[in-house]
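Asks: Just dropping this structure here.
The values are calculated or read from the model by the stated rules, or taken from the named source; none is laboratory data. It should be emphasised that the depicted structure is a prediction, and the values quoted were computed from it without experimental measurement. As a convention, Cβ positions derive from the backbone with ideal geometry for all residues, glycine included, and neighbour counts pool all protein chains shown. Please note that ligands, DNA and RNA were not included when accessible areas were found on the heavy atoms of the full protein model with its side chains. Shrake-Rupley method; radii C 1.70, N 1.55, O 1.52, S 1.80 Å.
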Amino acid sequence: MSEPAHILVTGGAGFIGSHTVDALMTRGLRVTVFDNLSTGYMGNLEQWDGHPRFQFIAGDVTAEVTQPLTLAVARFGHIERIAHFAAQTAVPISMDDPAGDIQSNLAGTARILEYARHNKVAKVFFASSSAIYDDDAPVPVSETSSARPSSPYGINKLAAEFYLDYYARLYGLCSTALRFMNVYGPRQDPKSWYSGVISIFLDRAVTGKPITIFDDGEQTRDFVYVTDVAEIVTHALLTDAGNNAVINIGTGVEVTINALTRTILDLAGSASPVRYEPARAGDIRRSVTTMDKAQALLNFAPRVELREGLQATLAWVRQEMTRPAARSGSAA
Ligand code: NAD
Ligand code: UD1
């Protein structure tokens, strides 16, 4: 019997990456996580610690990757497919440090693509973002909507997509880029001001601390649950579905930040005060996707509705509070 395929997950100690590792491990594959633990946590992978089909390699995609990955190959053999999540993920940080964002989000991706072409990797998945769209593009956005990013983060995600296309045309490297809308769920770190809004608001609601809404709260987002995302990433990565395509991944449901706040306070039974502050620079005003291409190419239909996903995430937040050491495993 042949050995299970060896999959590399960059950024696999992070929020979406670690759920994708769960999906890949559950399918019986061999998985190497490559992560610099800048925002990821070993605690997100503790369920696989010591498993014979799992290994963690500390490393940075902004540096030379071939040498550290020889260790991964020595143990599990040729890397067949790569899920590339490793990135600086906060829009405001990219605005403060555009050059740094080029390093982590664009140069890092180019290094992974170079590795893939020189090492005959069968397919690369790339975590792109709805932040590539024009703030003024009519919603819902489809993959043909105007791409005109309003942040260096979005610019670098879009540029990385062009690199995927370039590698496909020149070297025949197969890839799929999924443009995630706003992903939420367990393991999203609420500690940073730049974390996802749901993780921050749930944390504030449970602890009774004030919730800060930027702008008037009528800006909208399309929130998609992390296990739905991990499943569709795994499907695109392991099959020919979505080959050399760029596809939006969301739910098609547009939610205002005000409505989200009310639901969170209600679910948590919280009396946290709500404050309003000026809009964050670079924030998209409205964001929601069409579902047609994801349905047609990936047969994607999200399973978890917002209220159900918020309940599951709330349960996780409460559980984490009973074991405070759990999220201190980051090397950051
Ligand atoms: P995350 O911060 O939890 O995960 C990122 C992971 O990458 C972390 O484990 C971090 O330690 C690692 N990392 C960062 N820089 C690295 C580097 N230079 N070398 C090696 N590892 C590095 O964030 P996430 O929300 O899980 O995001 C995963 C991917 O999905 C990112 O590419 C992000 O841009 C993209 N994305 C996320 C969302 C969202 O809503 N969360 C939406 C669109 C796109
Ligand atoms: C998020 C992702 C980004 C991804 C993009 C795709 C994070 C940290 N960022 O960016 O990687 O590419 O979705 O669309 O997950 N808000 C508040 N109060 C807060 C925090 C946020 O009102 O305390 C508001 C923001 O101003 C914004 C909305 O909530 O209008 C969503 O913010 P956030 O969760 O940071 O996500 P995006 O900026 O959309």
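Asks: Which condition from (1) farther than 25 Å from GLY14 by Cβ; (2) in contact with a Gly (Cβ under 7 Å, 6 or more places away or on another chain) is the one that SER150 breaks?
Replies: (1)
Asks: Checking PHE125 against (1) farther than 18 Å from TYR167 by Cα; (2) modelled with pLDDT of 95 or more; (3) within 16 Å of ligand 2 (Cβ to nearest atom): exactly one of these is not met. Which one?
Replies: Only one criterion in (1) farther than 18 Å from TYR167 by Cα; (2) modelled with pLDDT of 95 or more; (3) within 16 Å of ligand 2 (Cβ to nearest atom) is unmet by PHE125, namely (1).
Asks: Tally time: how many residues in the range 16-60 are free of Cβ contacts under 8 Å to residues at least 60 places away in the same chain, touching a Leu at 6+ places or on another chain (Cβ under 8 Å) and of a type in the set (D, E, K, R)?
Replies: Summing the residues that are free of Cβ contacts under 8 Å to residues at least 60 places away in the same chain, touching a Leu at 6+ places or on another chain (Cβ under 8 Å) and of a type in the set (D, E, K, R) in the range 16-60 gives 1.
Asks: Moving on to the next point. I want to confirm something. Restricting to the range 137-166 and keeping residues that are of a type in the set (A, V, I, L, M, F, W, C) and under 16 Å from the mean Cα position of the chain (by Cα), which single residue is farthest from ASN248 (Cα to Cα)?
Replies: In this case the residue turns out to be ALA160.
Listed here are the residues, each with its yes/no results for (1) over 29 Å from VAL9 (Cβ atoms); (2) touching a Ser or Thr at 6+ places or on another chain (Cβ under 6 Å); (3) of a type in the set (Val, Ile, Thr).
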residue	(1), (2), (3)
ILE264	yes, no, yes
SER270	yes, no, no
TYR276	yes, no, no
ASP283	yes, no, no
LYS293	no, no, no
LEU297	no, no, no
GLN311	no, no, no
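Each row is one residue, and each column tells you yes or no for (1) of a type in the set (A, V, I, L, M, F, W, C); (2) modelled with pLDDT of 95 or more; (3) touching a strand residue (DSSP E or B) at 6+ places or on another chain (Cβ under 6 Å).
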| residue | (1), (2), (3) |
| --- | --- |
| LEU202 | yes, yes, no |
| VAL206 | yes, yes, no |
| ILE213 | yes, yes, yes |
| GLY217 | no, yes, no |
| ASP222 | no, yes, yes |
| VAL229 | yes, yes, yes |
| THR234 | no, yes, no |
| ASP240 | no, yes, no |
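Asks: Now a separate question. Looking at this structure, is GLY100 without any contact (Cβ under 8 Å) to a residue 24 or more places away in the chain, closer than 20 Å to PHE126 by Cβ and under 21 Å from the mean Cα position of the chain (by Cα)?
Replies: Details: without any contact (Cβ under 8 Å) to a residue 24 or more places away in the chain: yes; closer than 20 Å to PHE126 by Cβ: yes; under 21 Å from the mean Cα position of the chain (by Cα): yes.
Yes, satisfied.
Asks: Name the residue that is farthest from TYR115 (Cα to Cα), counting only residues in the range 19-34 that are open to solvent by 10 Å² or more (accessible area, probe 1.4 Å) and not basic (Lys, Arg).
Replies: Pass one, the range 19-34, residues open to solvent by 10 Å² or more (accessible area, probe 1.4 Å): 19, 22, 26-30.
Filter once more, so that each one left must be not basic (Lys, Arg): 19, 22, 26, 28-29.
Values: HIS19: 24, ASP22: 24, THR26: 26, GLY28: 24, LEU29: 21 Å.
If we take residues in the range 19-34 being open to solvent by 10 Å² or more (accessible area, probe 1.4 Å) and not basic (Lys, Arg), then THR26 is farthest from TYR115 (Cα to Cα).
Asks: Quick one: count up the residues across the range 286-316 that are open to solvent by 90 Å² or more (accessible area, probe 1.4 Å) and within 16 Å of ligand 2 (Cβ to nearest atom).
Replies: Qualifying residue count for the region: 1.
Asks: In the range 107-136, what residues are part of a loop (DSSP other than H, G, I, E, B) and surrounded by fewer than 18 Cβ atoms within 10 Å (Cβ to Cβ)?
Replies: ASN119, LYS120, ALA122, ASP134, ASP135, ASP136
Asks: Same structure again: Pick out, from the range 163-242, the strands (runs of 3 or more DSSP E) lying fully within it that include 1 or more residues that are open to solvent by less than 30 Å² (accessible area, probe 1.4 Å) and over 24 Å from TYR133 (Cα atoms).
Replies: Strands (runs of 3 or more DSSP E) meeting the threshold: 211-214.
Asks: Here is a follow-up. Restricting the first residue to the range 249-275 and requiring it to be within 16 Å of ligand 1 (Cβ to nearest atom) and polar (S, T, N, Q), which pairs with a second residue that is modelled with pLDDT of 95 or more and assigned to a loop (DSSP other than H, G, I, E, B) meet a Cβ separation below 6 Å and a spacing of at least six or different chains?
Replies: Within 6 Å, the pairs are THR251/ASP222; THR251/PRO302.
Asks: What residue, among those in the range 265-283 that are assigned to a loop (DSSP other than H, G, I, E, B) and within 26 Å of ALA312 (Cβ to Cβ), is nearest to ligand 2 (Cβ to nearest atom)? I'd like the intermediate steps shown before the answer.
Replies: Initially, the range 265-283 is screened for residues assigned to a loop (DSSP other than H, G, I, E, B), giving 269-273, 278-283.
Subset that is within 26 Å of ALA312 (Cβ to Cβ): 269-273.
On the way: GLY269: 20, SER270: 15, ALA271: 18, SER272: 12, PRO273: 13 Å.
Only one residue tops the list, namely SER272.
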